[in-house]
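Inspection log for the structure reproduced underneath, given as structure tokens.
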Amino acid sequence: MNSIFRKRASKIIIQDWLWKNLSTVPESNTVLRKYRQYLQSKRSNKSRMLSRLGLFLEATKIEGNFGQDLVRQIEQGSSILKLKRIQEMDISEELKFKKGLAKVYEVADSCSKKLGLRNAKLEIPIPYLNISGVTFDLKTKKNLKVSIEVVDKHTWISRSVYRPGRLLSLKLRLLHHLGWKTILVSELEARTSDEKIYNMLKVRLNQL
């Protein structure tokens, strides 16, 4: 398995070098400009590939579906590909198009004492699974870890099937394995008034 990762790593290193050295390609050089565009698409695919590899590794660790030998080989291959250089998504950028998530967080944060929440924040609890949630510790349940997940057009299957898509379903499953509780909030519920969101959260927290 290491030989496969090494070959892939060599290609990535070469592509990175070419990308840096072709950063100032003259507009008149059509051939090099097109090749730079080709490298740009490759870099995007590389980032996606590394992110998925990291997610696979995290899921394997959490769920323990494979033996330790395989996990060790994957970790070795990940270090060869410099997996740690993949950065998580900027949550502030995510909030620009996830208004429902931002609204739920504002209510949870401002009413944290009334709801019995500690350390309410927006975060990505599963590395490489870039779906943010409102996370906190629930005081009344011996510091139980909870994540509120907003099911919107970015995380549902489709408008006709209003339930979590594949990545959100995976996140819910992994959080369950880690001992977390989750609360699903629809986009319609998240876009209502602060009072309605507060009452809805109060009811669902009591159901945990």
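In the range 91-206, what percentage of the DSSP-assigned beta bridges are antiparallel, given to the nearest 5? Write down the numbers at each step before the final one.
Numbers: 11 of 17 bridges.
Expressed as a percentage, antiparallel bridges in the range 91-206 total about 65.
At a Förster radius of 35 Å, what calculated FRET efficiency corresponds to the Cβ-Cβ distance of Lys153 and Leu178, to the nearest 0.05?
Numbers: r = 27 Å, r/R0 = 0.77.
FRET efficiency, Lys153 to Leu178: 0.85.
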Legend entry - HN-Hα J in Hz across the range 136-149 - Karplus 6.51, -1.76, 1.60, θ = phi - 60°, x for Gly and Pro: 6, 9, 8, 4, 6, 10, 6, 6, 4, 7, 10, 10, 8, 10
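Sorted by packing (mean other beta-carbon atoms within 10 Å per residue), highest first, where do 97-105, 120-128, 175-183 land? Walk me through the intermediate numbers first.
On the way: 97-105: 20.4, 120-128: 17.3, 175-183: 15.6.
Put in order of decreasing packing, that is 97-105, 120-128, 175-183.
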Inset, instruction - Name all residues of the range 184-208 having a backbone nitrogen under 19 Å from the label point set 7 Å from the Cα of Ser110 along its Cα→Cβ direction, giving them as ranges. - result: 188-203
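Greater than 22 Å separation of Cα atoms is the criterion. Which listed pairs, Lys99/Lys142; Lys61/Lys181; Lys113/Lys145; Lys139/Lys202, meet it? Each step should come with its number before you reach the end.
Details: Lys99/Lys142 31 Å; Lys61/Lys181 19 Å; Lys113/Lys145 16 Å; Lys139/Lys202 13 Å.
Exceeds cut-off: Lys99/Lys142.
Rg(Cα) of the range 91-206 divided by 2.2 N^0.38 Å?
On the way: Rg = 13.3 Å, N = 116, 2.2 N^0.38 = 13.4 Å.
Ratio of Cα Rg to 2.2 N^0.38 Å: 0.99.
Each reported figure results from applying straightforward, stated rules to the coordinates on display, with no laboratory input. Not measured: the values here are computed from a predicted model. Cβ sites come from the backbone with ideal geometry, for glycine too, and all protein chains shown count toward neighbours.
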